[in-house]
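The values are calculated or read from the model by the stated rules, or taken from the named source; none is laboratory data. As the structure is a prediction and not an experimental result, all values here were calculated from the model. As a convention, Cβ positions derive from the backbone with ideal geometry for all residues, glycine included, and neighbour counts pool all protein chains shown. Side chains included, ligands, DNA and RNA excluded: accessible areas come from the protein's heavy atoms. Shrake-Rupley method; radii C 1.70, N 1.55, O 1.52, S 1.80 Å.
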Amino acid sequence: STCMAALAPALRAELLNIMHGGLLKVVPLFEDLDTEHAMGQRFLLELFSLMQFRAFPPGSRVAERGQAPEGLCIIHDGSVTTTTSNVQRLDDAITLGCGDFWGEMTLLSGVKGVGAMEELTCMGYHVDTMTFVEIMVLTASDFRRALTWYPDLAALLRRRQQQIVSALLCDRSEEREREKQNEKERRSFLIVDAETE
């Protein structure tokens, strides 16, 4: 709002922290950062001051499948659906609401010490608004600029992201193995079924 914009950045960040402080902390990258590191709370306040509020009417496409978002997006108000195709099917859609987020992997992409993560930074789904939606956005460029002032936190966040990426890649690998096993079982069933006919 106009009143918030008129406030000094430090005061605005403090008010945002009081009003919406838990929103950044739901992102695994920032979880417990304020208690785990001496500068964590100050860094989170800095990030709050950099976040932009964006509003979208119902039926708007907020994120496109196959494209990297410009940064971390946290739903502040309203709801969206995610789908993997342009044709929205009820069995394909997942509804996200206040506090849900996407784009966190884009924050550290391109930062020294973080491996290539193109597969994880690109959206695997479309995000479309169901209602009027307000999203808080922390762009990757703003995040990286803020990170230059906190080199100790940069190292900690790189380690956290590597752990998150490793877990995601492990989950994906296990999922692919399950899919392969299911396909083998399906083929075996088809062969046995064909032989009995």
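Assorted remarks:
- A crude spin-label estimate for the pair GLU183 and ALA55, with each label 7 Å from Cα along the Cβ direction, gives 4.8 nm.
- Accessible area of ASP77 (1.4 Å probe, protein heavy atoms only, ligands and nucleic acids ignored): about 90 Å².
- Peptide ranges 44-53, 31-40 listed from the most packed, as the mean C-beta count within 10 angstrom indicates: 44-53, 31-40
- List VAL137, VAL26, ordered by accessible area with a 1.4 Å probe, largest first: VAL26, VAL137
- Charge tally around ASP77: other residues with Cβ under 13 Å, Lys/Arg +1 each, Asp/Glu -1 each, net -1.
- Net charge contributed by nearby residues that have their C-beta within less than 15 Å of PHE101 (K/R +1, D/E -1): -4
- Net charge contributed by nearby residues that have their C-beta within less than 13 Å of ALA140 (K/R +1, D/E -1): -1
- Extending 7 Å from Cα along the Cβ direction at LEU15 and again at THR35 yields two label points whose distance is 2.9 nm.
- Annotation: TYR125 carries an accessible surface of approximately 70 Å², with a 1.4 Å probe and no ligand, DNA or RNA atoms counted.
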